[in-house]
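See structure below.
Read-outs: derived from the displayed coordinates by stated rules, not from any lab. None of these values were measured; they are calculated from a predicted model. In this analysis, Cβ positions are derived from the backbone assuming ideal geometry, glycine residues included, and neighbour counts consider all displayed protein chains.
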Amino acid sequence: MSTVQATTSLVTRFIAVGMAIMILGSIASYHRISGFLREDLAQSASASQLTLADQVARTADARIGEQRLLLERLAAALPPPLPGRLDRLRTWLTEQQALQPAFPHGLLVADPQGRIIARGPSSASFPAGLYIGSDPGFRAALDGVTSLGLPQRDPASRQAVLPLATPVWDGTGQLVAVLVGVADLTTLFPLGAADAAPASVAASATAPAPDIRIVSSRDRLVVAASDPGRMLEPLLQADQAALQERAAPGFRSSTRAVGSGGIDELSASAAIGSTGWYASVTVPASQALATVDRTRDFLVRLTLTRALVVLLVVGLLVAWLLRPLYRAAKLADRMTYGELPLRPLPVEHKDEVGHLTAAFNRLLGKLSDKQSELEAMALHDSLTGLPNRKLLVDRTVQALARAKRNRTQVALLFLDLDGFKVINDTHGHEAGDEALRQVAHRLSALVRQADTLSRLGGDEFVLLASDIEPPVDGPVRALADKCIAAIACPIEWKDKAYTLEVSIGIAVSGPGDDPASLLSAADKAMYEAKRRGRGRYALATGA
């Protein structure tokens, strides 16, 4: 391998260019400035998020309290749910529905067993007789506590609703029913509205819009969200202990972590009174720290501008230096696509490109030689050099097509040596291999240029005789006799002589024959010849 001179080395020139790019592109203050701004703004953004979470929690707690108080007042004024006076109860619910729009999805009265016995006009999704005893709010009301039920979708309107349940007592202090008011979560917690955020934390027009959610830790549900599509979304793989901690009275927390979507987020949480819920406010860190990103972008743009100038200069230089490589690659492409014959590529300079081109030329020569060897191995027997079964089938197809055009016939002679196993077992494989080579040499002397002698494997040979003018019986029999006579001559190896015989099966082509049918017919005829005795031939039936 030739040595590349330092004065012509592309490596030396590339190193020099790389050093220049590194000097121009190094900005030591980049990480310091971005790190300082990111830490400072993260603290400020976290404080704002926590303030907003507190405001949302207090507002939600106040609205839930108003709903509870109103429902308890309605329960106190509820007519007794006597079995014979349910019509009066339904009329009263209808009147209250018109006067009190706080429960737009209806007012319901259920007996202590959990069956609805009366409902208002807006409660079509909750028919009389419907069992609601499994609702957690209803179960809590049976214990004498006004409680929140399970947030759910109204079956009729598909809107998100929240049932609130409160006990109804008779004059003796006995619980006789449960009054349920079904509120609309969208209007109860309008987190997606423009006025949802408190004025004290109203964001500027350029500030990111936070993702605000109200979460029920008991039900593992998103009760309300600034994104309407996430309402009533279940909390998948959520830690129940962590959810309960966030819902504990007085809980406040601000964190920065990677969210479920793999996004770095700033989030703050605040408990909502005694509801068992909490408010969560989340903003992607990339948005909250937009100032850092803008500063970073400025530094990056400045660096990129300088780098582009360097890249332009270096690109032009490299393009000029690598012109010989481009020309060599173009020639190689054209040879690959068959536009040019395979030939060595020109070597223009004694540098790395010239060295690579010369190495490619040497590799091309070796590949061409190896390809020729592989093609020969794929189509020829490695011991005798004769065509193998694959090449025999291909030539048989050609011979049959030619015979059909010329109205001639094809004969296939299947030869199986008799006595070969004795030589192979007695004197070893080396003697057997020499016997096969001598048999191949003798049979090759009998075939015409248009014929094909093939070794299928072991001691089996096939002779394809093509372009035989009818009648074929005489020429084919004569060829078989020649093969028998040629193999009958003693085989000499290491001053010893061995005698072989051959059994031959002959198949002559007819209309519709193919290589497989001819070979099968000749094989069967060969076994018929063996049955008659050694050193014989037999014609396939119909030949």
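Worth a mention:
- Among the listed pairs K390/K494; K330/K366; K390/K524; K482/K530; K404/K530; K421/K494, those beyond 24 Å (Cα-Cα): K390/K494; K404/K530
- Stretching Q174 away from L130 to a fully extended chain increases their span by 13.5 nm, per 0.36 nm per residue minus the current alpha-carbon distance.
- Candidates T452, V476, A440 compared by Cα position along the dipole of region 436-477: farthest toward the positive end lies A440, with charges placed on Cβ.
- Inter-centroid distance (Cα atoms) of region 460-531 relative to region 375-454, Å: 10 Å
- With each label modelled as a point 7 angstrom along the Cα→C-beta vector, the D297-R58 pair spans 3.6 nm.
- Under 17 Å from the Cα of K496 - aspartates and glutamates, other chains or at least 8 residues apart: D425, E430, D433, E434
- Potential lengthening of the chain between D514 and S286 amounts to 74.8 nm, from the contour at 0.36 nm per residue minus the alpha-carbon distance.
- FRET efficiency for L86 and E66, using Cβ-Cβ distance with R0 set to 22 Å, rounded to 0.05: 0.15
- Computed FRET value (nearest 0.05) for R334 with A378, which takes r as the C-beta separation and R₀ as 30 Å: 0.65
- Gain in span if fully extended, V145 to A450, counting 0.36 nm per residue against the direct Cα distance: 99.2 nm
- Here the spin labels are modelled as points 7 Å beyond Cα on the Cα-Cβ line, and at Y326 and H349 they lie 1.3 nm apart.
- Note on K370: aspartates and glutamates with a C-alpha under 18 Å away, same-chain residues under 8 apart excluded, are D381.
- If only the Cβ of Lys and Arg carry +1 and only the Cβ of Asp and Glu carry -1, the dipole of region 389-539 around its Cα centre is close to 360 debye.
- Compactness index (Cα Rg / 2.2 N^0.38 Å), region 408-543: 1.04
- Cα-based radius of gyration for region 70-188, normalised by 2.2 N^0.38 Å, reads 0.95.
- Inter-label distance, nm, simple model (7 Å from Cα along the C-beta direction), R534/Q237: 7.8 nm
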